[in-house]
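Contents: one structure, followed by commentary.
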Amino acid sequence: MRSNPVTEGAAAAHLSGARSPWASLWVRLRAALAGVRIQRRQRRLRLCETLSLGDKRLIALVEYENHRFLVAATPQRISLLQSLGPATDENPAPNPR
């Protein structure tokens, strides 16, 4: 069976011209946002590791702007136990899992 090119062309023109307002809005929105790139900012504060001591108490290794701190936390307070100095490439802080 042969198709009629005149009929097919008319149907294609009819479909492309009969866009809904939502389709038109979607096309314009995609065009406007085509150049937008979303980039997460680098966080300066990072919880590297925690050790639970039971009864809602813990010790944590915290890194802030490449400096590491050992802190203790209870429900009532957070205390700095020791400043561990800068994190270096040869001994980086472990990533939490």
Label-point separation, Ile59 to Thr88 (7 Å along Cα→Cβ), nm: 2.2 nm
Two-site FRET efficiency, Val71 against Arg37, from Cβ-Cβ distance with R₀ of 30 Å, rounded to 0.05: 0.25
Selection of trypsin sites (Lys or Arg not before Pro), the range 15-82, meeting DSSP coil and at most 15 other Cβ within 10 Å: Arg19, Arg37, Arg40, Arg41, Arg43, Arg44, Lys56, Arg77
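Read the figures in this text as sums done on the coordinates, not as results from a lab. If you're wondering where the values come from, they're calculated on a predicted model, not measured in any experiment. With ideal geometry, Cβ positions are generated from the backbone for all residues, glycine too; neighbour counts draw on all protein chains shown.
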